[in-house]
1. Please count how many residues of segment 145-166 are in a helix (DSSP H, G or I) and either touching a residue at least 24 places away in the same chain (Cβ under 8 Å) or under 19 Å from Asp228 (Cα atoms) (or both).
2. Which residue is nearest to Thr430 (Cα to Cα), if the candidates are limited to segment 123-144 and must be in a helix (DSSP H, G or I) and of a type outside the set (Val, Ile, Thr)?
3. Scan (1) at pLDDT below 95; (2) in contact with a Ser or Thr (Cβ under 9 Å, 6 or more places away or on another chain) for the single condition Pro77 breaks and write down its number.
4. Just the residues that are without any contact (Cβ under 8 Å) to a residue 60 or more places away in the chain and surrounded by 16 or more Cβ atoms within 10 Å (Cβ to Cβ), please, taken from segment 128-144.
5. Scanning segment 304-313 for residues that are over 17 Å from the mean Cα position of the chain (by Cα) and among the β-branched types (Val, Ile, Thr), which turns out farthest from the ligand (Cβ to nearest atom)?
6. Among the strands (runs of 3 or more DSSP E) lying completely within segment 319-396, list those that include at least 1 residues that are basic (Lys, Arg) and on the phi < 0 side of the Ramachandran plot.
7. Within 11 Å of the ligand (Cβ to nearest atom) and assigned to a strand (DSSP E or B): does that describe Tyr426?
8. Taking Ala218 and the conditions (1) more than 13 Å from the ligand (Cβ to nearest atom); (2) assigned to a helix (DSSP H, G or I); (3) in contact with a Gly (Cβ under 6 Å, 6 or more places away or on another chain), which numbered condition does it fall short on, given that it satisfies the others?
Amino acid sequence: MTKKPPPLPVAGADVGLDILKGISRDRSLLTALTMMNKYVGSAFRITLPRFQPAVFIGPESNRQILVTERKDFLWRPESDPVCKLLRQGVLVIDGEFHDEVRGWMDPPLQRRNVNPHIPLFWRYTDDVVHTWRDGEEHDMLVEMRKVALLIIFGALFDVDFMPDMERLWEPIMDLLEYISPGLWIFWADMPRPKYRYAQQAMDDYLYEMIRRRRAELAQFGLEPAASDLLGQLVANSGMSDDLIRDQLLTMLIAGHDTSTALLAWVFYLLGMHPEAMARMQAEIDEVIGRQQEPPSAEQVQQLTYTDLVIKEALRLYPPIHVGQRRAGQDMEIQGYHVPEGTRIMYSIYLSHRDKRHWEDAEQFCPARFDRHSEQKQPPFTYVPFGGGPRNCIGAAFAQVESKVVLARLLQTFEFELLNGEEIKPYMGATLEPRPGVKMRIRRRE
Ligand code: HEM
């Protein structure tokens with residue numbers, strides 16, 4: 001008879017108090033996870049009232065959850081706010097239905113269909129910053145959100161969001177708060193009426209977009225472009241308006257909040273490391289120069305140092321810092337027994353800072369991703385976009401988008417970070433630099 005593996009370790013009384021002190025000091029689950037990792041190891045169970053997830057760190061469990069045994073892992077429970085909000089969005093559905101919807105959504109997000117959006121990425125950046133004046137202070141967390149919102153609506157839905165951004169800003173922020181970790185974790189049925197208005201406002205907007213696009217396609221008998229996601233979904237006879245709404249809201253939330261966080265973290269890191277900012281600016285000057293028209297896909301490809309900085313920002317501050325699942329059956333992970341129904345978290349943040357695999361794990365060092373670097377990590381140690389068949393559908397989009405936005409901004413302005421010392425990672429819907437990334441800008445000669 002094979003022996004049943006042991007249950008996951010939990011924090012003992014000796015370290016439990018330290019961990020509680022850490023949580024109350026930083027008010028952050030991230031602190032709790034980091035301390036558990038330090039004191040207990042790379043597999044453990046959190047034991048808070050009504051919140052007892054199993055947490056795993058490192059390439060073996062990442063691979064098992066994302067690839068080798070991925071069919072045994074389901075998404076989150078239906079009581080989770082993300083599921084309530086996104087209903088049947090591709091992010092939260094399971095099994096064959098997931099794979100079918102994913103198959104419909106994949107083509108517009110493949111790199112060859114993302115590159116045609118480069119001019120839009122460039123133009124929407126301009127639309128946000130054209131009013132910036134020398135010496136002004138701007139919060140890059142807010143400004144990058146404006147850029148990312150315009151880009152998602154413009155590139156994927158072919159909708160100019162500028163006229164509606166001010167009106168819908170608060171509903172969008174409210175929906176992000178609705179899905180951010182909070183008291184609901186401990187009280188699943190907690191009434192949260194505040195968010196009903198926000199959801200209604202966004203639903204009205206999205207259903208109207210779908211209705212308008214259906215009418216346009218029918219009236220003019222047009223074939224939507226391969227890069228036009230909304231057009232492709234509307235032209236798909238298998239999709240109802242409800243199912244399309246779920247995908248649009250999913251893309252809107254998953255696709256703009258992450259890019260916002262990434263860009264804001266890059267500015268924070270560049271501000272803290274002026275030599276990296278200077279090197280990136282020199283590269284942009286060399287590849288793109290003073291050219292005012294959008295770069296070509298080849299030019300974007302040539303921004304290799306910019307690429308390393310983005311990769312390192314994603315390592316240190318992965319916008320999605322944990323992936324979440326539910327055990328579909330009793331299973332064994334990293335040698336421990338995990339009962340069916342357990343909430344599982346694979347920690348991207350801690351996998352990226354795992355001293356077993358990363359040299360100077362806490363240091364900002366873009367060169368570690370250089371292809372000539374001596375440092376090589378095992379596969380699934382670096383997973384900013386997850387992995388396997390449920391990996392980020394927008395990975396290519398986000399990579400091209402962030403390079404183009406950064407290239408346009410650094411080509412045009414000098415940036416000086418004003419509040420570097422007070423910035424800390426905050427676990428909202430994504431991992432954000434709070435209280436924001438305040439920078440003084442100066443237009444370049
Ligand atoms: C820096 C930017 C981004 C980061 C770091 C990021 C990260 C991730 C990660 C880690 C996952 C997998 C989560 C899991 O295993 O459960 C994921 C999934 C997903 N992402 Fe992203 N993402 C980014 C940008 C985008 C963009 C731009 C879009 C849309 C255009 C997008 C749409 C999605 C969707 C729909 C899924 C679910 C895929 C599925 O379950 O099949 N993401 N993302």
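1. Final tally of qualifying residues: 14.
2. Leu141
3. Status for Pro77: all satisfied but (2).
4. Those that are without any contact (Cβ under 8 Å) to a residue 60 or more places away in the chain and surrounded by 16 or more Cβ atoms within 10 Å (Cβ to Cβ): Val128, Glu143.
5. Among those that are over 17 Å from the mean Cα position of the chain (by Cα) and among the β-branched types (Val, Ile, Thr), it is Thr304.
6. Numbers: elements: 322-327, 331-333, 336-338, 343-347.
Strands (runs of 3 or more DSSP E) meeting the threshold: 322-327, 343-347.
7. In short, no.
8. That leaves (3) as the condition not met.
The values are calculated or read from the model by the stated rules, or taken from the named source; none is laboratory data. This one's a predicted model, so the numbers in the text were calculated from it and none came from an experiment. Quick reminder, even Gly has a Cβ in these numbers, built from the backbone with ideal geometry, and neighbours come from all protein chains shown.
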